[in-house]
Amino acid sequence: MWVQPSEVFFAPFWSVERANPFFSLQHRVSHKENGFVAKVLGTLDTVRESKPTPYRILLQMRTQDFMMSWVVAVGHSKEEIDYYWNWLDSNMISTLEAFDDNVEACSFARAKVESLVAEEEFRRSPADPEMKRFDEAERRFLETFKISSEERERLVNYFSCSHWNSKLPRHGWMYLTLNRLCFNAYTFGSELNIVLRWTDISHLEHTTFRMMDAIIVKSGKDRFVFCFISQQGERCFQQLQQLANECVQRHLKHTALPEESQNEVSRQTKKPSVRLLTQKTPIDKREKFLLKNKLDTKKLTEEKIRFFRLPKEELLHGHLRCSLHNPSNKEDAIHGSVFCFQNFLCFESKVRERMWIVIPLLEISVIEKATFSTSALYINTRNQICYIFDDLSNQRDFLWKLISDFLAKTSSTHHNKASVTPFEIQQPLHIQFPPPPSYFQSTSETERTLEEKEHAWEHHFNMYGRGVCMYRTQELWDLVHKGILQKYKPDIWMIFSGAIFYLNSNPGYYEELVMKSDETYLDSFEDIERDLHRSLPEHPAFQTDIGIAALRRVLRAYALRNPSVGYCQAMNIVTSMILLECDEIQAFWLLAALTERILPDYYNAKVVGALVDQRVFECLAEQYIPELHARLDSLGVLPMITMSWFLTIFINAMPYSSAMNLVDLLFYDGCKSLFQIGLALLDLNRAEIMKCTDDGETMSLLSSYLERITNVSNPHSVTRHGPGHTVGALANQPSIDILELIESANNRFGHVTNEMIEQKRNMTRIHVFKSLEESARKSVLRGVINGTLFTQTELEQLYQLFVDGVPEDGFLPISKTAGAPFKEQKVDCTIFCPLFLYLSGWSENEKSGEYGNELAMQAFRLLDTDIDGHVSFKELISLVSLLAKGRLQHKLVLLYCLHIMPALDSNGLPPDIPDKITTEDIDTTDKKDLTTTIEKEINACLERRKRETDFSIKFLSSNPPNLTMEQFFQLCKTVQHLSIIKEDNEELFRAIQEFIAGIIQEGRNNADSTNQQDKEVQQTREEILITSPAKDTLQLPTVESSEQSSRTSSSMNDFELVDATDIPHLITNNLSIDLEELTSGEGDTPENQVQPKNPSEDLSINPPTETQAASQTGKQFTNQYYLPPDWFITFDQFLAHFEQHAPLCEFLSELTIISLQ
Amino acid sequence: MSARRKVLLKVIILGDSGVGKTSLMNQYVNKRFTTQYKATIGADFLTKEVMIDDRLVTMQIWDTAGQERFQSLGVAFYRGADCCVLVYDVTQPNTFKTLDSWRDEFLIQASPRDPENFPFVVLGNKVDLENRAVPTRRAQGWCETKNNIPYFETSAKEAINVEQAFQAIARKALEQDAKTSCDIGLEPNIPIQPEPAKDKSGCCT
C-alpha cells in the first residue's frame, strides 16, 4: 500500500530487486535465508512485535553531492508490491522524466504519493493502532505456520512470552486461535514451533515458575511452560481456559465444526455489541471486529445471563453505573449497575445479592425523566412496581431513549393467546393428593409459625412487589431459606429459575410437544416407561395413573425438545417432585431450566455435567475442609455418594419433604446451594467420618444421617423409601431438621458462590473430558485386540491416527470424527480416504494417487458394513490388519473383495455419497438393473458378514460373488498400480500380464459354458453390438451354476471374431500403454519399466489417458472384440490363477503398510 | 486358624436398567419384595452376614444404576470387588445381549489382576413372568463361552433360586478373596474350595 513518504537513511537489510532513475524496489533479507545478517534479523523480528513488511519502494533523489530516499509504498507480497511498481512505471515515470530538475521531480512525486495515501485512507475506515497491530500479528501468524486461508484458522489473540524448555527460555509469540494454541520462537537460526489443538490439552495451570508468572500446559506426555513478563499471564490464562472450554463444549454439543462457532460468535456481535455505554466512540461500521473482543463479549454476556437467569439467547447491549432507590426506605440509594439486554433491563447492587431486579422490557408501562434530578429516571411496570434509578449522570437520556424506542416498537404486541389444549393440564398434584388428615393434627404452635411465615411473605410482596419484576432482596433470600410456602412455590421457582421467561415467550410449545409425542417414538420413551413407577413411589400421586400420566407427558415432551439428552434416570425423580408443586407446563419448563442452565450437561450422555460437578465438589472440599477431604479421599467415598446427591438433588438420599426445601434453594440460588449443603453434610459428620475405617461404613453413616433429616414445618414426610440400611435403628436416633442443615450450610459455606463454581467447572471440564476419552479409547481397543494381528502398541498408534486424522504439513487436522462423545468414534469417507492412503503407503506414490482415492472409496464401502456412511475403528482395523499382517490368502481375498463392490460406474467416478448406495445413485448410471442386482447380492453378503463377530476371518469365511468383466478390469488396474511401487521388476510385470491373460480366457470359458447350458441366452449372443458390457451381466449366473460351468470348461466358441489367444496380449498392451502414459506423465520413473511385450500390438487402440483408463480400455476392448457379455470369473478361479504366478504372490505378500513406526 | 481376619466380600451387581438388580438384592438381604423402588442412581449397597462352610463372612452387595450413561461411573464402585453378578431379564432379549458389554466394561474399569479368571455369576431374573424370551440354553451357551460362568434363573418377586444364587456368589467371592489376599502376601486364611460351582444343580431348567 502507499505510505506517507518518510525518509530513510540507512538500509543494510534490504536488497534491491529492481530500480529505475527515480524508484527502487527492495526486499528485506528474510530469516529463511542463510547468512548471519539474516539470522540476526530473524531473531530481532520475533522479539519485536511488528515486523516490517518484506517489500518496499523507495523514491530516490540523486543530486551531485548526495542521495535522499523516501519510502513511498510497502507490500507484504511480491504481487502486491509489483502492482505499485507497475503503477508507478506506467503513470509516473514519464511525468517525472519531463521535469528538468531532479529535486522538483521528487517533490512532485512525494506530493502525488501523499494524495494517493489520503485517497486510500479515505476509502478505508480509520483503523485504530491496536487493530493494525493485530492485523500485523495475524499475518505473521499465518505466515509462520503456513496456514492457508482455506483452513479458516483465525487468530483470537497473541501474547509475547517465553517457553522454558529444560533450562533455557526461548522467547517468542503465543498465538491463540479458535482451534489451536501455537507458539513460535526464532533465535539465531533455530526455530521452534509448537502447535497444540485445544482438544489435545489435558491440563492448564496458572502458577509461578522460577519467580515468574507462568502457564503450564499439558498435552499427553508433553508439558509446556510459558512464562510471561508484565501482567499478561492472568489474561492469557483466562483466554486459554475460555478457548479450551469452548472447544470441549462444542464437542459435547456435537457441533465440532469450527465454522459454526465462528458464526455463533459473529451472530452475537452483529447486533449492537457490549461496551460501556459511557464509552464515547460509536460502534463503527467496521466489518472486522476483533475476535478476541467477541470472545470477551461472549464471556461477559454469559456471565450476566447466568446471574440474572435470562434466556440463553439474550444479548447484552451494555451496562452503566447507577443507583436504585430502595422502596422500603426512600433515603436509601443502592449503588450498582444497570444492564441493558435486548429484552430486559436488569440491576445488580454493588454489594453482592443485596438487591437485584430483572424487568422484561415488555412489562414496562411508563418511563419518565424525573424532575427532581437531572440524572434520575422513573420506571413503572404493568403490575404497578415503581423503580427510581438515579446517578445516571449524562447517560439518562440515552437509557430513556433506548427503552422508549423499544416500547414504541412493541407497545401494542401483547399476546394473549388462549390456546385450547387437547388434553387436560395436570394441576399441582398436592392439591389432588393432600397429605392424609392425620397430618393436620398440627399443634397450635406449628400453625402459628405458618401464619407468621405467611405474614412475612405478604409483607415482602407489599413492600417490594410481586411477580417477575419484584425487587429481589436480601429479605426474600432469608424467607426462601426458611422454606417457601407451598402456595408461593410455583411462582418463586418459575421466576428465580428463569423458566418463566421461556414459558412466556413460547406459549403452546409444551402442548405441541405433547401432541407430537403421541405420534412419534423415541428410544428413550422405553426408558421413560420403565421408570415411571420408579420415580416417587412413596407418594400417593404416583401410585395412580394421574401422576404417572403427567410425568410421562413431561418426560416425553422433554425428550423431544432435547434429543441429545433424551431421558436420563434421575430426571424422573426430579420431575415427579416438581409435579407435586407445579402444574405440568411449569414442570416442563423447570425441568428445562435445570438440565439446560442450572445443572448444565448433568443428564447428558455419560452424565458429564455431574462428573464435572463431582470434581468441583472435591476441589471445594479440599479447599474448605482439607482434613476431612483427605480422609474421605483415602476411603474413596466421595465419588460414590455424591453422584446421587447431585443428580437427584438429594431426593434419593433424604425424605422428599426435606429435599423439597433444597429444591427451593436450587431454583432460587442456583447450583451453589447443592455444594453448600453437601459440604455442610460432611462437616456435620466430621467426627464420625474420621473414625470410619472403610468406604462401606462411611456410606452407611452418611446415608443413615441423610435419611434422618426431616422437615418439622412440613410433616408430610415420614414415609420411608429405598433400601434402608438401618431400618429399625432409625427410630432410636435423633432426627435432624432440614432448616438447621440449611442454616449451618449458610453459616459455614455461604461464601461459595455460583461464579466460583462456574470457574471451577471450567477448570475441571477438560480433565473430565480427557478421562472419558481415555476410557472410551480403552474400551475400543479392548474390543479389537482379540480379533487382530496387531500388538497393543501398534493398535494404540493406529487409534491415535484414527482419532487425530492424517497430519497435513505437520498440522494435525481439527478432529472431525463423528459419533456420540465418549463412545466409539467413527469417520466418514472424507477422513477415511486420506487415512487409508496414508496407511497403505499409497499417498507416497504420487503416480497413482488419484487412483488410490478410488480404491480408498471402495475400501470404505467394503468396510462400512452397516451402511451408515461411517467407518469405525474396529472396521478399519479389520482391513489394515489384513494389509499389514495378513497371509497371502487373506490379502487375495481382500483384493478380490475390494472389487466386488458396485462402486465405479462407467464414468469411473465413485458416487459422491458413499453411504447412500440407493436407487438415487443408481439412477445416474445407465446400469440401474445391474447395480441393484449386485447391490442386493452385496447387501446379502454384508448381512451375512455382519453376523460374524470375529472380523479377522470375516473376509475369508464369506463366499464372494463372481467378478464381472468390468470389475475384473478394475482389479487389474489396482494390481498394475500397486506394482508401480515396485520399480524395475520385469518379472513381476510379465506375471501380471500372464495372470490377466489367463483370467480372461477362463472368464470367456465360463461365459461360453453358461451360454451353452442356457439356450435362452442364445439371443443375447446374436446381438453383436454390446452397448454396455455390464448390462447383460444381469444374467449373472448363480454361484452354483458358475461352479458347474467352470468344471465343464468348454472349447472355443466359433462365434467370436478374434482369436482368443490374442486377447491377453491386446489387453495387456492396452494396460501397459495406460501405465506408460501414467508413469511417463509424471516423468521420474524409468521409461523402460514398462515395455510392450508384443511387437504385433494393435496400434489402432488409442491409449486412454484418463485415470479410469482401465475400465475404458476394457470397454473399448469389449466393443471391438466382442468378448462375451456374460464374461465372469469365480473367486476360486481367481485364486487358482493368482497363485500360479510366483512373482505376483511374492509381491503381494511383501506388500505391507509402511507407516507404522 | 484362630487369628482369621474378618472377611468382607464385595459383590457388584450389574445389568441393564429395570432387570431387577435392586429387587434381587433386597430379596436376598431383607427377604422382601416391593414394587416401590426408585430407580437406582449412582450406587447403593446392603450388607449381609452369611455362613459359608462354617465361616462367617460379611457380604457387601453393591447395587448399581443400570442406564448405559452411568456406566462410566463404575470405576469408583468396582474397586476391590470379589465377584461380579450380571443380571438380565429373561423376558427382554436386549438385556441379555448387553451382558457382553457389561462384562467388558467391568473388566476394563475394575482391571482385576487376572481378568480371564475373575469370577462372574449370571442371573436370569423374572422367571415368574409368562412371556419369557431368552431360552435357558442360549444363556447357558453364552456362559460356557465365557470361561464357564455359573448361571442361575431367578425370580426376585417369588424368591425363586435367589438364596442359592447368592450362596454360589458368596462362594465364588470367597474363593477370589482368598486368591487376592494370597497375592498381596496375607496368610491364606481359608482353604481354597474345590470347584464349588461346577455343578449346575442350582440352576433351574
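The values are calculated or read from the model by the stated rules, or taken from the named source; none is laboratory data. Quick caveat: nothing in here was measured; it's all calculated off a predicted structure. In this analysis, Cβ positions are derived from the backbone assuming ideal geometry, glycine residues included, and neighbour counts consider all displayed protein chains.
Of all the residues in the range A:692-706, those that are surrounded by 19 or more Cβ atoms within 10 Å (Cβ to Cβ) and facing another protein chain (nearest Cβ under 10 Å) number 4. Here residue A:372 meets the list (1) free of Cβ contacts under 8 Å to residues at least 12 places away in the same chain; (2) surrounded by 13 or more Cβ atoms within 10 Å (Cβ to Cβ) almost entirely, failing just condition (2).
Of the helices (runs of 4 or more DSSP H) that lie entirely inside the range A:458-561, those containing 1 or more residues that are of a type in the set (S, T, N, Q), touching a strand residue (DSSP E or B) at 6+ places or on another chain (Cβ under 9 Å) and more than 14 Å from every other protein chain (Cβ to nearest Cβ) span A:474-481, A:499-505.
To keep it simple, each residue is scored yes or no on (1) more than 36 Å from the chain's Cα centre (by Cα); (2) within 10 Å of chain B (Cβ to nearest Cβ); (3) closer than 17 Å to residue A:711 by Cα; (4) among the hydrophobic types (A, V, I, L, M, F, W, C).
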residue	(1), (2), (3), (4)
A:626	yes, no, no, no
A:635	yes, no, no, yes
A:649	no, no, yes, yes
A:652	no, yes, yes, no
A:661	yes, no, yes, no
A:664	no, no, yes, no
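Among the candidates A:598, A:649, the residue that is on the phi > 0 side of the Ramachandran plot and in contact (Cβ under 8 Å) with a residue 24 or more places away in the chain is uniquely A:649. The sole residue among A:764, A:830 that is at pLDDT below 75 and among the β-branched types (Val, Ile, Thr) is A:830.
Yes/no per residue for (1) assigned to a loop (DSSP other than H, G, I, E, B); (2) modelled with pLDDT under 80; (3) not polar (S, T, N, Q):
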| residue | (1), (2), (3) |
| --- | --- |
| A:242 | no, no, no |
| A:245 | no, no, no |
| A:260 | no, yes, yes |
| A:281 | yes, yes, no |
| A:286 | yes, yes, yes |
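Looking across the range A:491-510, the residues that are crowded, with 20+ Cβ neighbours inside 10 Å and not aliphatic (A, V, I, L, M) come down to A:493, A:496, A:497, A:498, A:501, A:502, A:510.
Here is the figure for the range A:461-478: residues that are surrounded by fewer than 21 Cβ atoms within 10 Å (Cβ to Cβ) and either touching a residue at least 40 places away in the same chain (Cβ under 8 Å) or over 18 Å from residue A:358 (Cβ atoms) (or both) total 9.
Per the listing A:801, A:781, the residue uniquely over 17 Å from residue A:180 (Cβ atoms) and modelled with pLDDT of 80 or more is A:781. Count of the range B:121-138 residues, restricted to those that are in a helix (DSSP H, G or I) and closer than 30 Å to residue B:34 by Cβ, is 1.
Residue-by-condition table, conditions (1) surrounded by 21 or more Cβ atoms within 10 Å (Cβ to Cβ); (2) within 9 Å of another protein chain (Cβ to nearest Cβ); (3) in contact with a helix residue (DSSP H, G or I) (Cβ under 7 Å, 6 or more places away or on another chain):
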site	(1), (2), (3)
B:44	yes, yes, no
B:49	no, no, no
B:59	yes, no, yes
B:64	yes, no, yes
B:70	yes, yes, yes
B:73	yes, yes, yes
B:82	yes, no, yes
B:86	yes, no, yes
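If you scan the range B:150-205, which residues turn out to be of a type in the set (A, V, I, L, M) and at pLDDT below 55? If the condition is that a residue be of a type in the set (A, V, I, L, M) and at pLDDT below 55, then B:186, B:190, B:192, B:197 are the ones that fit.
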